[in-house]
Amino acid sequence: MADTTSDATSNRSTTPVSDTFRDFISGGWADRPESVPAPREVAPFAAARRARISALHPGERLVVPAGPAKVRSNDTDYVYRAHSAFSHLTGWGSDAVPGSVLVLEPTADGHDATLYFLPTAGRDSDEFYANAAIGEFWTGPRPSLAHVAADLGVATRPLGELDAILDAADAATRIVRDADRELTDRIDGRRLLDADPAAADADVDADPDLQLARDLSELRLVKDAYEIAQMRAAVAATKRGFDDIVADRDAARTHERGERVVEGTFNRRARMDGNTVGYETIAASGPHACILHWIRNDGPVRDGDLILVDAGVELDSLYTADITRTLPVNGRFTEVQRRVYEAVREAADAAFAIVRPGIRFREIHATAMQVIAARTAEWGFLPVSAEESLQEGAQYHRRYMVHGTSHHLGIDVHDCAAARRDLYLDGVLEPGMVFTIEPGLYFQPDDLTVPEEFRGIGVRIEDDILVTEDGAENLSIAIPRTADDVEAWLAGS
Ligand code: GLY
Ligand code: MN
Ligand code: MN
C-alpha cells in the first residue's frame, strides 16, 4: 500500500501512466450530491473565540495554520492532528483537512475570518488516484468549500488563493509559528523584504508571533460551555477505559508484557467508542511507576505490586481527559502501599478543598506539598522538619515528587502552555477553568533515604477539576479513588 508515484517511491511505482488509463479512471463515477449541513454545535463558540482574539489585535493580519501531517517514517504519516490554536478558533477537530490555514484579515471594525483549504481534486486530476499523500483514492475525499463554510460557520476559499493574501504587504502579519514550518518561513521571508526585524527577536514581549501564541494560549484559560461539556464527555469516556482495565486485569497478570495489555485495554475502549487517546497511555507497574513518563509499557504486572495508569480519552473535538489511578494488582494494598496511597490521597483532597474562584493557582500545589512534606517527615525520610523542608531554599520532600501538582487541561493535555506566569502559576482562579490535581509519591528502587519496604513504590492520583461559581467540581470523582473504594472496585462491588 505504498505511494506509487512520488519521487521517494519512483523506484517501486507501478501506477499506469498512459493517457488511455487516465481517460478510463477519470470517468464512470456517480455524481456526488453536494450536502450543506447545519452549523455544528461548536460554531458559535468558535466565532466568539475569534472575536476575542480579534479585539486584541486590531489592524493586524493573524495567520493560524492547522499544519501539515507529521511524518512517522519516510512516506508514512501519523494520524493527522491539527494545531490546537487552529482547532480552538475554527472548531475543526479530528476531521480537519491537513494544511488548512485560518486567516483573520483586519477590517475597519475587527477582522474577517477566512478558512483556506484544499477541497477535493477533480476525478480528472492525477491527484485523484496517484497522489498517496492527499489523493482521494489514498486518504479519502475532502469536503467542499461550501460544506465546510456551512459546517463551521466561517467563510472558505481555496488554499491556492492564500499566497496572494500573504504576499500583500498592506498589514502587519502575525503567525502561529510552530504549526506550519513552510508557511512561517514564507512570512519570515516577506518580513525580511519589508525589513521588519521583529520576527528575529526571541523576546516574548517584543516578538509579535510569540505575543500571538501567548494570547491564543491565554484565550483558553477559561473554558466556554461547549468546552466544559466536552471535558465532561472526555472524562466519562476515560472512566469506561479504567473500568475495562479493572475488569480485564487478569489478562495483564498472566502476560509477560502485562503493561501492554493494560495499555491495549484502555486504548481499545477509546477506539471502540470512536475516540482516541490524548497522550500516550502510561501503564507502569511495580518500580516503573517511579518513572514519571513510562510509556514503553513493556513490563510485567505482578501480584503484590501496584500498577499506575495515567490515561485520557481524546474526543473528535480534540478535548482530552488526563486521569491517573494506582491500583494494587492482586486487589489489596499492602500496609505500606496503603500508607503511601492514602498520603497521596490526603494531599489531593487537601488541594481540592481550597479550590474556588479568587485563590491563586499556585496555592493548590503549595497545599498538596504541605501534606507531602508532613507525611515524608513523619516517616523519617527528611533530614529536617516538614516546616523547614517547605522553605523555598530547602524542599527536601520534593525528592519524592519532582513534578508539579496541577496543569491546565483542555484541547492540549498541558493546555495554555504559552500563557504568562502572571495568569498561569501566579494566576487567580476563575469559574470555567479546568486543571488537574495530581500529587504523587515515588520512592525509587535504589533510594537509600527510605526503608526498603518503600522502595519501588510509586503512587499518583490525578483528577480533572472544574472551577465553579463558588467552589470546584471533581469531574473524575466517579472513578474510585480512596484506597477502600479502589479495593471494592477491584473486588467487583
Ligand atoms: N499525563 C501527563 C500528565 O499527567 O501531566
Ligand atoms: Mn496531568
Ligand atoms: Mn496524567
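Out of region 449-467, which residues are away from ligand 1 (no atom under 16 Å from the Cβ) and on the phi < 0 side of the Ramachandran plot?
Answer for region 449-467, where residues must be away from ligand 1 (no atom under 16 Å from the Cβ) and on the phi < 0 side of the Ramachandran plot: Thr449, Val450, Pro451, Glu452, Glu453, Phe454, Arg455, Ile457, Leu466, Val467.
Could you please let me know if Asp426 is assigned to a loop (DSSP other than H, G, I, E, B), touching a residue at least 60 places away in the same chain (Cβ under 8 Å) and surrounded by 15 or more Cβ atoms within 10 Å (Cβ to Cβ)?
No, not satisfied.
Quick check on my filter: what residues within region 263-287 are more than 27 Å from Arg455 (Cβ to Cβ), in a helix (DSSP H, G or I) and either open to solvent by 10 Å² or more (accessible area, probe 1.4 Å) or not small (Gly, Ala, Ser) (or both)?
Within region 263-287, Gly264, Thr265, Phe266, Asn267, Arg268, Arg269, Arg271, Met272 qualify.
Any residue in region 66-83 that is closer than 18 Å to Phe117 by Cα sitting within a Cβ distance under 6 Å of a residue that is open to solvent by 80 Å² or more (accessible area, probe 1.4 Å)? List the pairs, counting only those 6 or more apart or interchain.
Lys70/Tyr78
How many residues are touching a helix residue (DSSP H, G or I) at 6+ places or on another chain (Cβ under 7 Å) and under 22 Å from Ile282 (Cβ atoms) when one looks only at region 315-337?
Residues flagged as touching a helix residue (DSSP H, G or I) at 6+ places or on another chain (Cβ under 7 Å) and under 22 Å from Ile282 (Cβ atoms) within region 315-337 amount to 13.
Go through Ala121, Ala155, Ala130 for me and flag whichever is touching a residue at least 12 places away in the same chain (Cβ under 8 Å) and touching a strand residue (DSSP E or B) at 6+ places or on another chain (Cβ under 8 Å).
On inspection, the qualifying residue turns out to be Ala155.
Which ones in region 308-330 are open to solvent by 10 Å² or more (accessible area, probe 1.4 Å) and away from ligand 3 (no atom under 14 Å from the Cβ)?
Those that are open to solvent by 10 Å² or more (accessible area, probe 1.4 Å) and away from ligand 3 (no atom under 14 Å from the Cβ): Leu315, Asp316, Ser317, Asn330.
Quick check, is Asp303 within 26 Å of Ala488 (Cβ to Cβ), not in a helix (DSSP H, G or I) and not hydrophobic (A, V, I, L, M, F, W, C)?
The answer is yes for Asp303.
Restricting to region 413-434, and then to whatever is of a type in the set (Gly, Ala, Ser) and on the phi < 0 side of the Ramachandran plot, can you tell me which residue is nearest to ligand 1 (Cβ to nearest atom)?
This residue is Ala417.
With the condition kept exactly as written, say whether any residue in region 176-187 is open to solvent by less than 30 Å² (accessible area, probe 1.4 Å) and at pLDDT below 95.
yes
Of all residues in region 458-481 being in contact with a helix residue (DSSP H, G or I) (Cβ under 8 Å, 6 or more places away or on another chain) and away from ligand 2 (no atom under 16 Å from the Cβ), which is nearest to Ile307 (Cα to Cα)?
By that ranking, first place goes to Pro480.
Taking region 467-491, which residues are part of a loop (DSSP other than H, G, I, E, B) and either of a type in the set (Asp, Glu) or surrounded by 13 or more Cβ atoms within 10 Å (Cβ to Cβ) (or both)?
Matches in region 467-491: Thr468, Glu469, Asp470, Gly471, Leu475, Ser476, Ile477, Ile479, Pro480, Arg481, Thr482.
Tell me, which helices (runs of 4 or more DSSP H) lie completely within region 38-146 with 2 or more residues that are surrounded by fewer than 20 Cβ atoms within 10 Å (Cβ to Cβ) and at pLDDT 95 or above?
Here the list reads 43-56.
Among the listed residues Arg296, Arg260, identify the single one that is of a type in the set (D, E, K, R), in a helix (DSSP H, G or I) and either open to solvent by 40 Å² or more (accessible area, probe 1.4 Å) or closer than 27 Å to Arg399 by Cβ (or both).
Exactly one residue qualifies, and that residue is Arg260.
If I filter region 443-455 for residues that are of a type in the set (Phe, Trp, Tyr), outside any loop (DSSP other than H, G, I, E, B) and free of Cβ contacts under 8 Å to residues at least 60 places away in the same chain, do I get at least one hit?
No, region 443-455 contains no residue that is of a type in the set (Phe, Trp, Tyr), outside any loop (DSSP other than H, G, I, E, B) and free of Cβ contacts under 8 Å to residues at least 60 places away in the same chain.
Can you find a residue in region 435-448 that is out of contact with any helix residue (DSSP H, G or I) (no Cβ under 8 Å at 6 or more places or on another chain) and within 16 Å of ligand 1 (Cβ to nearest atom)?
Checked against the condition, which is being out of contact with any helix residue (DSSP H, G or I) (no Cβ under 8 Å at 6 or more places or on another chain) and within 16 Å of ligand 1 (Cβ to nearest atom), region 435-448 yields at least one hit.
Residues that are in a helix (DSSP H, G or I) and surrounded by fewer than 20 Cβ atoms within 10 Å (Cβ to Cβ): does region 405-416 have at least one?
No, there is no match, as no residue in region 405-416 is in a helix (DSSP H, G or I) and surrounded by fewer than 20 Cβ atoms within 10 Å (Cβ to Cβ).
Let me spell it out: the conditions are (1) open to solvent by 90 Å² or more (accessible area, probe 1.4 Å); (2) of a type in the set (Val, Ile, Thr); (3) in a helix (DSSP H, G or I); (4) under 29 Å from Leu315 (Cα atoms), and Thr20 meets all of them except one. Which number is the exception?
(4)
Mind listing whichever residues of region 382-406 are without any contact (Cβ under 8 Å) to a residue 60 or more places away in the chain and either within 16 Å of ligand 3 (Cβ to nearest atom) or in contact with a strand residue (DSSP E or B) (Cβ under 7 Å, 6 or more places away or on another chain) (or both)?
Within region 382-406, Tyr400, Met401, Gly404, Thr405, Ser406 qualify.
Does Asp349 satisfy being open to solvent by less than 10 Å² (accessible area, probe 1.4 Å), farther than 12 Å from Glu487 by Cα and out of contact with any helix residue (DSSP H, G or I) (no Cβ under 7 Å at 6 or more places or on another chain)?
So Asp349 does not fit the description; no.
Limited to region 353-368, what total is found for residues that are part of a helix (DSSP H, G or I), touching a residue at least 40 places away in the same chain (Cβ under 8 Å) and in contact with a helix residue (DSSP H, G or I) (Cβ under 8 Å, 6 or more places away or on another chain)?
Residues meeting the conditions: 3.
Within region 23-37, restricting attention to residues that are under 29 Å from Asp151 (Cα atoms) and in contact (Cβ under 8 Å) with a residue 40 or more places away in the chain, which residue is surrounded by the most Cβ atoms within 10 Å (Cβ to Cβ)?
Filtering region 23-37 for residues that are under 29 Å from Asp151 (Cα atoms) and in contact (Cβ under 8 Å) with a residue 40 or more places away in the chain, the one surrounded by the most Cβ atoms within 10 Å (Cβ to Cβ) comes out as Ser26.
Checking Gln337 against (1) open to solvent by less than 50 Å² (accessible area, probe 1.4 Å); (2) at positive phi; (3) away from ligand 1 (no atom under 16 Å from the Cβ), which test does it fail?
Every listed condition holds for Gln337 apart from (2).
The values are calculated or read from the model by the stated rules, or taken from the named source; none is laboratory data. Owing to the predicted nature of the structure, the values given are computational and were not obtained by experimental measurement. Note: ideal-geometry Cβ built from the backbone for every residue, glycine included; neighbour counts use all protein chains shown. Note: accessible area is taken over every heavy atom of the protein model, side chains too, but ligands, DNA and RNA are not part of it. Shrake-Rupley method; radii C 1.70, N 1.55, O 1.52, S 1.80 Å.
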